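The values are calculated or read from the model by the stated rules, or taken from the named source; none is laboratory data. None of the values given here were measured: they were computed from a predicted structure. Ideal geometry is used to build each Cβ from the backbone, glycine not excepted, and the neighbour counts take in all protein chains shown. Surface accessibility is based on the protein's heavy atoms, side chains included, excluding ligands, DNA and RNA. Shrake-Rupley method; radii C 1.70, N 1.55, O 1.52, S 1.80 Å.
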Amino acid sequence: MDLQTLTLLFVGATFALYIGIAIWARASSTREFYVAGGNIHPIANGMATAADWMSAASFISMAGLIAFYGYGGSIFLMGWTGGYVLLAMLLAPYLRKHGSFTVPEFISDRYYSKTARVVAVICLIIASITYVIGQMKGIGVAFSRFLEVDYETGLITGMSIVFIYAVMGGMKGITYTQIAQYVIMIIAYTIPAIFISFMLTGNPIPQLGLGSTLADGTYLLDKLDLIVTDLGFAEYTTQSRLSQTNMFVYTLSLMIGTAGLPHVIMRFFTVPTVKAARESAGWALVFIAILYTTAPAVSAMSRLILTETIDQPKAEHNLAYAERPSWFKNWEATGLLKFEDKNKDGLIQYTGDKTTNEMVKVDRDIMVLANPEIAGLPNWVIALVAAGGLAAALSTAAGLLLAIASAISHDLLKGVWHPEITEKQELLASRLSMIGAIALAGYFGFHPPDFAAGTVALAFGLAASSIFPVLMMGIFSKKINKEGAIAGMLSGIGVTLLYVFQHKGIMFVSSTSFLGDMSPNWFFGIEPNAFGAIGAMVNFTVAYAVSSVTAKIPKEVEAMIDNIRIPKAH
Amino acid sequence: MSSNNDYWKANISLILKCLIIWFCVSYLFGIVLVEELNNLRLGGYKLGFWFAQQGSIYTFVVLVFYYAKKMSDIDKRFNVDE
């Protein structure tokens, strides 16, 4: 069977599965719609959390980023896993004990304030929408690349599938679909990695293969260091990202941001007990770690194969352009791989020197997708990778859409505007807001705003600088009051946005960047994407200072804090 | 009430212990001391690089389960389990 038929078959089968689950797992109450009834097994929730968390970026882009950043790419590996340690110890168990349906609901109860709730909703919606735009784009691109349909057709197909199971089943439908999506995603990721690791090192486990020797007896990483430095690139295992300070702060921002992302936190409202919430965080991390420890192996191995195929240290061994392999031609056709014969010798020079380098474009995103082709794996593996990439994008999009929809129906409509509506009306409202959220995300998918590329900074920055600190202080301090929390959130976001926009323009419109005379990354050499941790520190400090000079928290809130700190119901 | 306070103190000290390890394996071994540790090797890995791309993640997994297990024991000891 040809590749396109196989891909169609694989993607079609997974979509049929998602729809089957949607019909089986319909939500009949708000409790089922928001928290899947609150009785999901911790291992099942761990798996769903892993799918919820690992997006198209983790699946497609991360290994490619690390392949070119080398050691500097470690920030993503540590940052996007270490956040679960914070989540497991500082947030999840207590928020589960409180038993709210949404993150802003907890903030509203703890800080006895509708204003705090509205501020939290705004942060949540901005962070989630910027994040969902990336997923929508991922879905459209995956379809257009693998099934050769229009970007628009792909986007509509993907959105319709999410529409069916998210609107019908809410959190319940999303949970069971995410479990299926995790299984598909992890198989699709690990199979090519196992093949390639075995091919290069004789060890089928990629995590061990990365530390093993190649056929010629040298260690894989030593060989890679040698090859890339010979070509004028930075040494793979030591190349840093800007500076040690920047890497430190960047990692911290990603960790705090991970722990503060509402669509991830919400997943821990679906387990039955506090104990289950703690364990579930562990299982989520296990399922995430399977992919995250495989990724660096994929990175190094694909960089090695790519470099060795194209260029050899001694120029007479260079690959002749006319003899390039078929995967090279396939990716050239997509425009993601570009060759320009600068010295007209018909050979490909791939070097770290921009003036002589003839590989003018090697898009990072092709590393994971092209891997099976480069390693000469059968067509069904390539088809599986396509289905896996879609599963990653769909599962994250659904989780984010639910976070947005519940913030609108539960926090704004029920919590602030119309507390008197019945459960039935709220369930209808939650379905309608889900439809609204999908339509909005679809609109951005069709008209990706100019600022789409810079939005990851915004999503993590906002989650780190606003949501994480108020949640943590709400649990661990009885001192922080309403005024402190609101001032803290606003100043945390304010500082983060100021730094990001100062570098990249207001809402990423570059012509509006201000303070143009200041040097880039002026604050201790920290890049804007890494600024969330600084915003969080500002949030903590301001909240503490404002709380010290304003009224104490009411007695009943103190009792509430005592209650969320212990697992036992009273 | 005082037993609840002791329970909370036990939780905090366990969290601090876990976060010290969390900090060491990622920020200390993976970033601050990476050059020094890279002089040592673990098979084909430079040790600092291994911590940054493998070891820290394995430790995180162990830490979360260790915390869950210990907390479960503490819950029972203070008779606050569900």
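From (1) open to solvent by 50 Å² or more (accessible area, probe 1.4 Å); (2) in a loop (DSSP other than H, G, I, E, B); (3) at pLDDT below 95; (4) not polar (S, T, N, Q), pick out the condition that doesn't hold for A:K478. Result: A:K478 passes all but (3). Taking region B:1-20, which residues are within 9 Å of another protein chain (Cβ to nearest Cβ), aliphatic (A, V, I, L, M) and touching a residue at least 40 places away in the same chain (Cβ under 8 Å)? Within region B:1-20, B:L14, B:I15 qualify.
I'm trying to understand the selection: among the residues of region B:36-82, which are among the small types (G, A, S) and either within 7 Å of chain A (Cβ to nearest Cβ) or open to solvent by 10 Å² or more (accessible area, probe 1.4 Å) (or both)?
Of everything in region B:36-82, those that are among the small types (G, A, S) and either within 7 Å of chain A (Cβ to nearest Cβ) or open to solvent by 10 Å² or more (accessible area, probe 1.4 Å) (or both) turn out to be B:G43, B:G44, B:A52, B:S56, B:A68, B:S72.
Can you tell which of A:A44, A:A88, A:A36, A:A57 is of a type in the set (A, V, I, L, M, F, W, C), under 27 Å from A:G138 (Cβ atoms) and open to solvent by less than 10 Å² (accessible area, probe 1.4 Å)? Among A:A44, A:A88, A:A36, A:A57, only A:A36 is of a type in the set (A, V, I, L, M, F, W, C), under 27 Å from A:G138 (Cβ atoms) and open to solvent by less than 10 Å² (accessible area, probe 1.4 Å). What tally of residues in region A:98-112 results from selecting those that are buried (at least 20 other Cβ atoms within 10 Å of the Cβ) and either at pLDDT 95 or above or of a type in the set (S, T, Y) (or both)? The qualifying residues number 10.
Within region A:224-246, take every residue that is charged (D, E, K, R) and modelled with pLDDT of 90 or more and give me the one that is surrounded by the fewest Cβ atoms within 10 Å (Cβ to Cβ). Looking at residues that are charged (D, E, K, R) and modelled with pLDDT of 90 or more, I get A:E235.
Within region A:60-73, can you find the residues that are crowded, with 24+ Cβ neighbours inside 10 Å and in contact with a Phe, Trp or Tyr (Cβ under 8 Å, 6 or more places away or on another chain)? Within region A:60-73, A:M62, A:I66, A:G70, A:Y71 qualify.
Inspect region A:206-223 for any residue being assigned to a helix (DSSP H, G or I), within 23 Å of the chain's Cα centre (by Cα) and buried (at least 22 other Cβ atoms within 10 Å of the Cβ) and give the result as yes or no.
Filtering region A:206-223 down to residues assigned to a helix (DSSP H, G or I) leaves A:206-209, A:220-223.
Going one step further and asking which of them are within 23 Å of the chain's Cα centre (by Cα), we end up with A:206-207.
Going one step further and asking which of them are buried (at least 22 other Cβ atoms within 10 Å of the Cβ), we end up with A:206.
Yes: one or more hits.
Entry remark, region A:230-288: residues being facing chain B (nearest Cβ under 8 Å), of a type in the set (S, T, Y) and touching a Ser or Thr at 6+ places or on another chain (Cβ under 9 Å) number 1 in total.
At least 1 residues that are closer than 21 Å to A:A127 by Cα and within 8 Å of another protein chain (Cβ to nearest Cβ) in each: list the helices (runs of 4 or more DSSP H) lying fully within region A:71-112 that qualify.
A:74-86
Apart from one condition, A:E373 fits all of (1) surrounded by 13 or more Cβ atoms within 10 Å (Cβ to Cβ); (2) among the acidic types (D, E); (3) touching a helix residue (DSSP H, G or I) at 6+ places or on another chain (Cβ under 8 Å); (4) not in a helix (DSSP H, G or I); the exception is (4). The sole residue among A:I174, A:I187, A:I196 that is open to solvent by 10 Å² or more (accessible area, probe 1.4 Å) and part of a helix (DSSP H, G or I) is A:I187.
Within region A:302-317, take every residue that is at pLDDT below 80 and of a type outside the set (K, R) and give me the one that is most open to solvent (accessible area, probe 1.4 Å). Steps first, please.
The first filter runs over region A:302-317 and keeps only residues at pLDDT below 80, leaving A:311-317.
Okay, now just the ones that are also of a type outside the set (K, R), so A:311-313, A:315-317.
Values: A:D311: 7, A:Q312: 61, A:P313: 73, A:A315: 60, A:E316: 137, A:H317: 116 Å².
Among them, the one singled out is A:E316.
Put simply, of A:E308, A:E340 the only residue that is free of Cβ contacts under 8 Å to residues at least 60 places away in the same chain and within 22 Å of A:V228 (Cα to Cα) is A:E340. Of the candidates B:S56, B:S13, the single residue that is touching a Phe, Trp or Tyr at 6+ places or on another chain (Cβ under 8 Å) and over 18 Å from A:A92 (Cβ atoms) is B:S56.
Pairs linking a residue in region A:16-45 that is under 14 Å from A:F269 (Cβ atoms) to a residue that is of a type in the set (S, T, Y) and surrounded by fewer than 22 Cβ atoms within 10 Å (Cβ to Cβ), with Cβ atoms under 8 Å and 6 or more positions apart or on different chains, are A:G37/A:S29. Would you mind stating whether A:L336 is within 22 Å of A:P372 (Cβ to Cβ), within 31 Å of the chain's Cα centre (by Cα) and surrounded by fewer than 19 Cβ atoms within 10 Å (Cβ to Cβ)? The answer is yes for A:L336. Please find, among A:L497, A:L515, the residue that is more than 22 Å from A:L91 (Cα to Cα), assigned to a loop (DSSP other than H, G, I, E, B) and modelled with pLDDT under 95. Among A:L497, A:L515, only A:L515 is more than 22 Å from A:L91 (Cα to Cα), assigned to a loop (DSSP other than H, G, I, E, B) and modelled with pLDDT under 95.
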